[in-house]
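Here the structure comes first, spelled out in structure tokens, and everything after it is commentary.
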Amino acid sequence: MQVPAPFDYERATSVEHALSLLERLGPEARLIAGGHSLLPMMKLRLAAPEHLVDINDLHELDYIREEAGELRIGALARHRELLESELLGRRFPIFHDAERVIADPLVRNRGTIGGALCQADPSEDLSAACAAAHARLVIRGLGGERVVEMADFHRGPYETAVGPSEILAEIRLPLREAAGSAYEKVERRTGDWAVAAAGVCVWMSDGAIADVGVGLAAVGSSAVHCARAEEVLRGERPSEELFDAAADLAAADCSPAADQRGPVEYKRHLAGELTRRALRRAVARALG
Amino acid sequence: MATAEQPVLGYGRMKRKEDPRFVRGKGRYVDDVSLPGMLHGAVLRSPLAHARILSIDTSAALQHPKVHAVITGRDLEAQKLAWAPTLSADVQAVLALDKVCFQGQEVAFVVADDHYSARDALELIDVEYEPLPAVVDPRKALDPDAPVIREDIEGKSDNHIFDWEAGDRDATDAVFERAEVVVAQDMIYPRIHPAPMETCGCVADFDAVEGKLTLWCTTQAPHAHRTLYALVAGLPEHKIRVISPDIGGGFGNKVGIYPGYVCSVVTSIVTGRPVKWMEDRTENLTSTAFARDYVMRGEIAATRDGKIQAVRVRVLADHGAFNATAQPSKYPAGFFHIFTGSYDLEAAHCRVTGVYTNKAPGGVAYRCSFRVTEAAYAIERMVDVLADELGVDPAELRMRNLIRPEQFPYRSKTGWVYDSGDYEPALRMALEMAGYDRLREEQGERRERGELMGIGVSFFTETVGAGPRRDMDIVGLGMADGADLRVHPTGKAVLGISVQTQGQGHETTFAQIVAEELGIPAEDVQVVHGDTDETPFGLGTYGSRSTPVSGAAAAVVARKVREKARLIAAAMLEASPADLEWEKGRWYVKGDPEQGKTIQEIAMGAHGTVELPEGVEGGLEAQTVYNPSNLTFPFGAYVCVVDVDPGTGQVKVRRFVAVDDCGTRINPMIVEGQIHGGLAEGVGIALMELIAFDEDGNCLNGSFMDYLIPTAKEVPNFELGATVTPSPHHPIGAKGVGESPTVGSPPAIVNAVIDALEPFGVRHVDMPLTPARVWAAMQGHTEPPA
């Protein structure tokens, strides 16, 4: 049995309590929610935080609701809740696509969207989905809250805009009409991290792509937001040629690294191929 | 199907007797053993693949308030225990002395009050290493400038372990020289790991008053372990009790003796307290016995019309840092010389070279009988390569070359005597079940649409059930197995066997063997196994040995009891034994069936007051040691259907048809369960499993995040068929089946994927066939039809 190094444990009763614990305990404290990234790292002794602040009782952060023209997801919402949310599936099928291929039911029962985004693993799926959905993220500190664009959230592998005494509180997805979205992933085996994955959200108007988001996972130091691919799609009528052009740009603009999941050339190919497939499905869903 | 109302009196489907405790969470595994005062051990392992140890400072760890002892190689050296013999006439460092030879090698052992403290204390041990260049690729191990790994072996100046050959080289070369068609194929059976769900571990409890060691251990061979501890550590053998309780999968991983076991025994003696040591997953994957790692070049000679004439194979075998592979002593490459497979050849030859590398030691038979898996893969891939060369359907090519039924017993060109076989009906059944012709039509239609569908066929012959003892031993212990059977006065029986289940269902199958022979309910037979104080000596469960060897012992001992019962029945019936006839469960007087005694009545008589004839002792029991006269040769025909995504290289196994012939089926449900498990493992081996290293010898697959084993999502609903060709020399005609599916399925799956890639001109891709590898194979070749 792999066992972690010694640590102290605190259980927060409110967001304010969690924030004050973080403030008091300093940089060697870590928040723990589902724990499906942090605990394995601790057991392998790759991470050895001195304090854990357990936020699993912060039910105030556990919700998925429509509010002020946005779909708002509390950071403590579990993967399983995202997968079971009819509202989320109807407005952003990309999240249901992604959740079906994230890890396994055991992980999805416990893991949270906030934990997934804050872990900032370059291969993490919800980050790419949020990039495609043009999500905005609410970060709270003792001094108040601030809202960050998804494109500014990740600062590199395992690094985010969330400060040491802050907490990611909410994910906001702007709701617009004539939307369609999809997520495509290649994995070596069910439950494995992506070899590469692509998420696409489109918003149609008069038969053309009024706006679009393209996000990639596992092909960069963090989730890749494909601005050039989005640019070439925006305002155009969907066609295979158009998708090819966007796919080429997605492949060109990512920066995969070779590892056991595959060489750079293959991952770059997948970035394009999966972008093309996600575009087809997203547009079909928007028009369907 | 058996029900409570219909007890199973022998062979047939019957729910497993051991399952109630497993499904209720009442199994008792090594890690469930908890003794008063028990301490917990942990191993400090080398972070480097090859390095000199300059110093080890354990003082800080010893000062940890919960630490009781820290031992190093130097401490063991004083007791002459720093090196332990391997199963292959080599030695392995229990704890490293002057250098480490693989990443994960054992360097120090800590015992503490609890597992957490033992792990914490590992971080307090300071080891100073001087890194050395590592030998990672076996193809470079014999380079003149390769670093010498085994400096502990006197006079060793290279990394060569052995050369071994089988077959007739000259005769084979002669056939190749005049052959119309010769094809060659390089292929690698990569390093993989048995990865049992339960990792390895033990609880060592040395009783200083009695001078007795009790060792609960995850072992597939408790008796062999006991004898080895006696021989190596000098403990008297009768004062060693090895208990192998419920075991969560073995697959060959639990055959050997690991350093952690030895350290646990030593520290139990030193501290006077029981010591538990259980590996974590990383330790299991990175330091215990791996499997395969064969670099092979196969060549096949044939006539233009598809008659296979000769095969030759050259193998480079990576055995890691210590030669700890588990093979019968005479066979350093195991039974690899079964590589001629199921085909009638004129000549064959193989040559295997074993080398050391800076990788974990092993080379065990992972769910296979001593390198049969590598051999079956080599021949079944080569036959497909030949079919491709000749433009002949691969199923048809196999059909033309199968050994014919009248040729059995068949003496192979590498020295085996195949006991029995009837191959063609098995292959025909598999093709019919699959709808082979229709599948080929569908494949053509799909190819026209640019879809990649593949159909793979394999036909394998296994050689399982080692001995005979004159030919086969492990470290000098002959490969035979004992059994003893005691029938209690009320007719309930206890069967003691020398083999040990790790999930195979021995407690049911062996009870059914006795039930069949004595005609009593299988429920009335308790099978005792896994405890050396309670069971007769034998070599253990691996290489599909249990049914061929120990199952035979169970049948023989039951027949001995039956014969004794005849004498007692004769006394009870006041008849001559020669005048009695047997029907299932009962001896009766010839011509007067009313006059008879059941086994239960005889058992009571044997323990009662019946006047026994001269020379017949009371009681109803017997014992035996079964020494097989030959191995058994199960075989099978497998058909796999895959779909490959042309855009991503992902492989989906759509269907898998498996026709197995394992001779007599004692419990068809258990046989089918074994086949399901092995096929699932075959999917993993073919598509995803790999123990890989970087150029410095760092293992890249030290957790289940990186070492992928298949899930229910990757395996199809298996379609099983059976033919039955009983073994002529086995008492009940059974042949063993646990390993057939792992042997036969990887080539069927790979053949299917290669078949799918035919439009790209692909002839071979090495396992595992990950999406990246499949996609790479498609590049730079012909485009598939649009």
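The values are calculated or read from the model by the stated rules, or taken from the named source; none is laboratory data. Not measured: the values here are computed from a predicted model. Neighbour counts are summed over all protein chains in view; Cβ atoms, including those assigned to glycine, are modelled from backbone coordinates with ideal geometry. For the accessible areas, the whole protein counts, side chains as well, though only heavy atoms, and no ligand, DNA or RNA atoms are used. Shrake-Rupley method; radii C 1.70, N 1.55, O 1.52, S 1.80 Å.
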Item checked: Drop in accessible area of at least 40 Å² in the complex versus isolated chain, residues of the stretch B:637-653, 1.4 Å probe -> B:Gly647, B:Thr648, B:Gln650
Checklist line | Inter-label distance for B:Asp696 and A:Asp8, nm, one decimal - labels placed 7 Å from Cα along Cα-to-Cβ | finding: 3.6
Check: For the protein assembly as shown, what is the accessible area per residue in Å², given a 1.4 Å probe and the full set of protein chains?
Finding: 36
Margin query: Restricted to Cα positions, what overall size does the stretch B:305-375 have along the principal axes? Three whole-Å values, descending.
Written below: 46, 21, 20
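Please report the antiparallel percentage of the DSSP beta bridges confined to the stretch A:26-145, to the nearest 5.
Values: 7 of 11 bridges.
Close to 65 percent.
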Next item on the list: Determine the distance separating the Cα centre of the stretch B:29-94 from the Cα centre of the stretch B:478-551; give it in Å without decimals.
Entry: 36
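Output the direction-averaged projected area (hull surface divided by four) of the convex hull of the alpha-carbon atoms of the protein assembly as shown, in nm². Don't skip to the answer; put the middle values down first.
Working: hull surface 192.2 nm².
Projected over every direction and averaged, the Cα hull of the protein assembly as shown covers 48.0 nm².
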Check: Could you give the nm distance between label points at B:Val724 and B:Glu130, where each point is 7 Å from its Cα heading toward the beta carbon?
Finding: 6.8
Margin query: What distance in nm lies between label points placed 7 Å from Cα along the C-beta direction at B:Gln623 and A:Glu23?
Written below: 7.7
Next item on the list: Quote the Stokes-Einstein diffusion coefficient, in whole µm² s⁻¹, for the stretch A:60-174, based on the Kirkwood radius over alpha carbon pairs, a temperature of 10 °C and a viscosity of 1.306 mPa s.
Entry: 114
Margin query: Defining a contact as two alpha carbons under 8 Å apart and six or more residues distant in sequence, what relative contact order in percent does chain A show?
Written below: 16
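Please give the FRET efficiency for B:Ser59 paired with A:Asn56, using the beta carbon to beta carbon distance and R0 = 35 Å, rounded to the nearest 0.05. Kindly include the intermediate steps, with their values, before the conclusion.
On the way: r = 41 Å, r/R0 = 1.18.
My answer for the efficiency is 0.25.
Inside 10 Å of the C-beta atoms of B:706-712, what's the mean count of C-beta atoms belonging to other chains? Could the numbers behind the result be given before it?
On the way: counts 5, 1, 7, 1, 2, 5, 1.
The mean count of partner-chain Cβ atoms within 10 Å per residue comes to 3.
For a 30 Å ceiling on Cα separation, which of these pairs sit above it: B:Lys15/B:Lys492; B:Lys140/B:Lys330; B:Lys413/B:Lys560; A:Lys267/B:Lys713; B:Lys212/B:Lys492; B:Lys590/B:Lys735?
Details: B:Lys15/B:Lys492 19 Å; B:Lys140/B:Lys330 27 Å; B:Lys413/B:Lys560 38 Å; A:Lys267/B:Lys713 23 Å; B:Lys212/B:Lys492 32 Å; B:Lys590/B:Lys735 34 Å.
Pairs exceeding the cut-off: B:Lys413/B:Lys560; B:Lys212/B:Lys492; B:Lys590/B:Lys735.
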Checklist line | Under-5 Å amide H pairs with B:Thr325, H placed in peptide plane, nonlocal only | finding: B:Gly362
Next item on the list: Choose one answer from A:Arg11, A:Arg140, A:Arg24: the residue with the largest mean-square fluctuation in a GNM of chain A with alpha-carbon springs under 10 Å.
Entry: A:Arg24
Item checked: Dimensions in Å of chain A - Rg and Dmax from alpha carbons -> 18.7, 60
Checklist line | Buried solvent-accessible surface, both chains (A, B), 1.4 Å probe, Å² to nearest 100 | finding: 2300
Checklist line | Residues of the stretch A:1-45 buried by at least 40 Å² on assembly (accessible area, 1.4 Å probe, chain alone as reference) | finding: A:Met1, A:Gln2, A:Val3, A:Arg45
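B:Ile602: net charge of surrounding residues, Cβ under 10 Å, Lys/Arg +1, Asp/Glu -1, itself excluded?
Values: positive: B:Arg562, B:Lys564, B:Arg566, B:Arg586, B:Lys597; negative: B:Glu601.
Net local charge, B:Ile602 excluded: +4.
Rounded to the nearest 0.05, what FRET efficiency is calculated for B:Val209 and B:Gln407 with R0 set to 45 Å and r the Cβ-Cβ distance? The partial results should precede the final answer.
Numbers: r = 63 Å, r/R0 = 1.40.
That gives a FRET efficiency of 0.10.
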Checklist line | Computed accessible area, B:Ser576, all protein chains, 1.4 angstrom probe, square angstrom | finding: 50
Next item on the list: Can you send over the carbon and sulfur percentage of the accessible area for chain B, probe radius 1.4 Å, protein chains only?
Entry: 49
Check: How far is the Cα center of the stretch A:202-273 from the Cα center of the stretch A:108-144, in Å?
Finding: 20
Next item on the list: Would you please report the Å³ per residue occupied by the convex hull of the alpha carbon atoms in the stretch A:8-52?
Entry: 65
Notebook entry, point to check: Extension gain A:Arg80-A:Arg155, at 0.36 nm per residue separation less the Cα-Cα distance, in nm?
Noted result: 24.3 nm
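Taking a ≥ b ≥ c as the square roots of the Cα gyration tensor eigenvalues, with a/c under 1.5 meaning rounded and otherwise prolate when a/b beats b/c, else oblate, which class fits the stretch A:179-287? Intermediate results must be reported in sequence, preceding the final value.
On the way: a/c = 2.38, a/b = 1.81, b/c = 1.32.
It comes out prolate by the Cα gyration axes.
Which FRET efficiency, nearest 0.05, do A:Glu70 and A:Thr190 yield, Cβ-Cβ r, R0 35 Å?
Values: r = 32 Å, r/R0 = 0.93.
In this case the efficiency is close to 0.60.
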Note to self: If you scale each eigenvalue of the Cα gyration tensor by 5 and take the root, what three semi-axes come out for chain B, rounded to whole angstrom and sorted largest first?
What the structure shows: 42, 39, 23
Margin query: Report the rotationally averaged projected area of the stretch A:102-259 based on its alpha-carbon convex hull, in square nanometres.
Written below: 10.2
Note to self: With an 8 Å Cα cut-off and a minimum separation of 6 or more residues, compute the relative contact order for the stretch A:57-169 in percent.
What the structure shows: 21
Next item on the list: Report in % the part of the accessible area of the stretch A:60-174 that belongs to carbon and sulfur, leaving out ligands and nucleic acids; probe 1.4 Å.
Entry: 47
Check: How about the stretch B:183-272: which GluC sites (Glu not before Pro) there lie in a loop by DSSP and see at most 14 other Cβ atoms within 10 Å?
Finding: B:Glu210
Item checked: Reduction of at least 50 Å² in accessible surface, 1.4 Å probe, comparing all protein chains with the chain by itself, residues of the stretch A:148-193 -> A:Arg188, A:Arg189, A:Thr190
Item checked: Between the stretch B:333-389 and the stretch B:759-782, the alpha-carbon center distance in angstrom -> 23
Check: At a 1.4 Å probe, what is the % contribution of carbon and sulfur to the accessible area of the stretch A:179-287?
Finding: 48
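At 1.4 Å probe size, put B:Tyr343, B:Tyr331 in order of accessible surface, largest to smallest.
Numbers: B:Tyr343 5, B:Tyr331 40 Å².
Sorted by accessible area, descending: B:Tyr331, B:Tyr343.
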Check: Could you give the length gained on full extension between B:Met197 and B:Val23, defined as 0.36 nm per residue of separation minus the Cα-Cα distance, in nm?
Finding: 61.1 nm
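In a shell of Cβ-Cβ distance under 12 Å around B:Ala204, excluding B:Ala204 itself, what net charge do Lys and Arg (+1) and Asp and Glu (-1) give?
Values: positive: B:Lys212, B:Arg241, B:Arg273, B:Lys276; negative: B:Asp205, B:Asp207.
After counting each charged neighbour, the total is +2.
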Checklist line | Over chain B, relative contact order from alpha-carbon pairs under 8 Å, at least 6 apart, % | finding: 16
Notebook entry, point to check: Can you give the Rg and Dmax of the stretch B:693-760 based on its C-alpha atoms, in angstrom?
Noted result: 18.7, 53
